[in-house]
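Asker: Encoded as structure tokens, here's the structure I'll be asking about.
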Amino acid sequence: QVQLVESGGGLVQPGGSLNLSCVASGNIFRVNTMGWYRQVPGRQRELVAHINNDGSANYGDSAKGRFIISRDNAKLAVFLEMNSLKPEDTGVYYCHFFPPQYWGQGTQVTVSS
């Protein structure tokens, strides 16, 4: 059984920063693509960023220029550094590994004054 455990969410003021982490445990040894998705009520889950095994990364439009994704293959971990946060960044952030597909339980990020 594979589990992805996220941490680092919370409440932050606009303009602030947060760092998210996700670590995998269980019967998993190699992951090609690791990423982060965000979901807000009433909307589909959307890509924030993902990073491939070769280090290449892709960002959703809202994350470009403000967020940085990184990974540690030895620890089967993925990280998201979020800067210059805006209220519209609020949502539940889910860690995602693929293939095969695994999702974390989600961590709440709230950007509010």
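Asker: Connecting C-alpha atoms closer than 10 Å in a GNM of the chain, tell me which of 60, 42, 91 has the biggest fluctuation.
Answerer: 42
Asker: Among the trypsin sites (Lys or Arg not before Pro) within region 62-113, which fall in a DSSP loop and have no more than 14 other Cβ atoms within 10 Å of their own Cβ? Can you show the working numbers first?
Answerer: Details: sites: 64, 66, 71, 75; in loops: 64, 66, 75.
Counting only loop positions with at most 14 other Cβ atoms within 10 Å, the trypsin sites (Lys or Arg not before Pro) in region 62-113 are 64, 75.
Asker: Another question, then. DSSP loop (so not H, G, I, E, B), at most 12 other Cβ within 10 Å: list which trypsin sites (Lys or Arg not before Pro) in region 15-48 pass both filters.
Answerer: Values: sites: 30, 38, 43, 45; in loops: 30, 43, 45.
Of the trypsin sites (Lys or Arg not before Pro), the ones in loops of region 15-48 whose Cβ has at most 12 other Cβ atoms within 10 Å are 30, 43.
Only the coordinates and a few stated rules stand behind these numbers; no lab work does. Computed from a predicted model, the values in this text were never measured in an experiment. Glycine also receives a Cβ, built like all others from the backbone with ideal geometry; neighbour counts cover every protein chain displayed.
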